[in-house]
Amino acid sequence: MTVTAVASGTHEEIYRVEEPSVGLLGFIAVHSTRLGPAAGGLRMRPYASEEDALTDVLRLSEGMTYKNAAAGLALGGGKAVIIGDPATSKTPELLRAFGRAIEGLDGRYITAEDMGMSPADLAVLAEETRFAAGLPDGEFASGDPSPVTARGIFNAIRTARAHKHGSRDLGGVTIAVQGLGHVGWYLCQFLKEAGAKLIVTDIDETRVEQAIAAFGARAVPLAGIYGADADIFAPCAIGGILNARTIPQLKADIVAGGANNQLATAADAAALHARGILYAPDFVANGGGIINVATEILRIKDREGFVAEKLKALDETMAAILTQAEAADASPAEMAIATVQAKMARSSKAA
């Protein structure tokens with residue numbers, strides 16, 4: 001296996017990982033260890049190119065720095081990606097090889113579940129590395145983080161709704177959910193229980209049919225989700241979907257979802273603000289999953305108590321960001337970054 005350092009002026013460490021004998025090609029990026037070891041999930045996708053995969057891991061790892069800081073965790077930001085279709089290319093041999101690459105970083109990066117990975121996959125990785133969390137069993141095993149991620153997004157949707165319209169009640173509110181993976185599915189369950197009406201889309205047509213049956217949802221084509229007649233748009237798939245092409249299509253006046261790096265560029269945050277669309281910053285909204293995983297990394301015995309406390313604090317952070325952004329007539333995305341950078345600075349001084 002070849003692990004090659006990649007130069008970067010923005011990250012502490014970046015590595016290209018390759019093992020042709022098992023079809024492995026991927027990257028590990030450590031953005032910051034200022035608050036603690038870098039933690040963030042492992043994603044497997046059929047990226048179109050190495051450049052696309054590297055761009056994704058760089059953005060995702062930086063987002064994890066902000067996410068962990070926003071959640072008040074003693075963890076830095078990192079991420080890993082594997083190039084390949086998880087449905088056809090993922091094998092135990094490939095996972096074990098990547099586990100050995102993670103082990104080689106000696107704890108500076110701790111991995112967990114992300115798109116294309118499951119707790120069972122993390123268990124295979126853990127055969128080769130001590131630095132895998134989100135495991136299905138064990139003394140501090142935290143399992144699938146998706147339900148807790150979805151709970152945090154649900155909280156963020158209600159908080160954004162209260163900020164924009166004065167009520168957290170979602171009864172009769174139409175919400176367009178993009179992506180019906182683990183997180184999107186659990187989010188739909190929470191929203192349905194709260195009385196919301198759902199519009200859904202996903203690349204998996206079977207999953208869409210299941211959502212229609214389970215939630216009484218209305219389906220739209222993939223490209224039709226942006227212009228759907230909805231009150232709230234909840235992106236829960238890939239990043240970069242809020243851009244110069246899609247923002248003009250939005251009818252929703254709130255965007256709050258679980259996808260990482262929803263904004264294609266910083267200018268897109270300003271474009272949403274200019275249109276009067278309230279954006280709940282993604283790295284605050286979707287912090288529930290890493291909070292859950294952190295109980296395993298930090299060996300927290302009272303997992304339920306820790307998660308409940310951190311989710312409450314995260315929701316309060318979201319409310320404060322939205323309030324401060326409104327007072328400053330600024331984008332919540334801009335205010336969120338300033339907030340977590342201030343948190344990191346305070347933590348560094350305290351240390």
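The values are calculated or read from the model by the stated rules, or taken from the named source; none is laboratory data. Everything numeric in this text was worked out from a predicted model, so none of it was measured. Cβ placement follows ideal geometry from the backbone for every residue including glycine, while neighbour counts extend to all protein chains displayed.
Taking residues in the range 1-16 that are without any contact (Cβ under 8 Å) to a residue 12 or more places away in the chain, and partners anywhere that are surrounded by 11 or more Cβ atoms within 10 Å (Cβ to Cβ) and of a type in the set (A, V, I, L, M), the pairs with Cβ atoms closer than 9 Å and at least 6 places apart or on different chains are 5/14; 7/14. Tallying residues that are in contact (Cβ under 8 Å) with a residue 24 or more places away in the chain and among the basic types (Lys, Arg) within the range 159-179 yields 2. Just one of the numbered conditions (1) more than 25 Å from residue 130 (Cβ to Cβ); (2) small (Gly, Ala, Ser); (3) surrounded by fewer than 20 Cβ atoms within 10 Å (Cβ to Cβ) is not true of residue 70: (3). Condition check for residue 215 on (1) closer than 25 Å to residue 284 by Cβ; (2) without any contact (Cβ under 8 Å) to a residue 60 or more places away in the chain; (3) over 22 Å from the mean Cα position of the chain (by Cα); (4) crowded, with 19+ Cβ neighbours inside 10 Å: one failure, at (1).
Among the residues here, residue 138 does not qualify as over 22 Å from the mean Cα position of the chain (by Cα), closer than 23 Å to residue 256 by Cα and either without any contact (Cβ under 8 Å) to a residue 60 or more places away in the chain or not assigned by TED's automatic domain parsing to the domain that holds residue 277 (or both).
Quick check on residue 192: is it basic (Lys, Arg), outside the structural domain of residue 35 (by TED's automatic domain parsing) and either touching a helix residue (DSSP H, G or I) at 6+ places or on another chain (Cβ under 7 Å) or part of a strand (DSSP E or B) (or both)? When the stated conditions are applied, residue 192 passes them. Can you name every residue in the range 283-315 that is of a type in the set (D, E, K, R) and under 21 Å from residue 166 (Cα atoms)? Scanning the range 283-315 gives 312, 315.
Checking each residue in the range 91-122 for being more than 18 Å from the chain's Cα centre (by Cα), of a type in the set (Val, Ile, Thr) and crowded, with 22+ Cβ neighbours inside 10 Å picks out only 102.
The residues of the range 245-289 that are of a type outside the set (A, V, I, L, M, F, W, C) and touching a strand residue (DSSP E or B) at 6+ places or on another chain (Cβ under 6 Å), listed by number, are 257, 262, 268, 279. In the range 73-82, the qualifying residues are those that are of a type in the set (A, V, I, L, M, F, W, C) and crowded, with 24+ Cβ neighbours inside 10 Å, and the one that is nearest to residue 24 (Cα to Cα) is 82. Check the range 12-31 and report whether any residue there is modelled with pLDDT under 95, polar (S, T, N, Q) and in contact with a helix residue (DSSP H, G or I) (Cβ under 9 Å, 6 or more places away or on another chain). No, because not a single residue in the range 12-31 is modelled with pLDDT under 95, polar (S, T, N, Q) and in contact with a helix residue (DSSP H, G or I) (Cβ under 9 Å, 6 or more places away or on another chain).
Being in contact with a Phe, Trp or Tyr (Cβ under 7 Å, 6 or more places away or on another chain), under 24 Å from residue 203 (Cβ atoms) and touching a residue at least 40 places away in the same chain (Cβ under 8 Å): is that true of residue 81 here? Break it down into steps so the answer makes sense when it comes.
Values: in contact with a Phe, Trp or Tyr (Cβ under 7 Å, 6 or more places away or on another chain): yes; under 24 Å from residue 203 (Cβ atoms): yes; touching a residue at least 40 places away in the same chain (Cβ under 8 Å): yes.
When the stated conditions are applied, residue 81 passes them.
Restricting attention to the range 272-312, the residues that are surrounded by fewer than 24 Cβ atoms within 10 Å (Cβ to Cβ), in the same structural domain as residue 249 (by TED's automatic domain parsing), on the phi < 0 side of the Ramachandran plot and in contact (Cβ under 8 Å) with a residue 12 or more places away in the chain add up to 5. For residues that are over 17 Å from residue 160 (Cβ atoms) and either hydroxyl-bearing (Ser, Thr, Tyr) or in contact with a helix residue (DSSP H, G or I) (Cβ under 6 Å, 6 or more places away or on another chain) (or both), tally how many sit in the range 212-246. Qualifying residue count for the region: 7.
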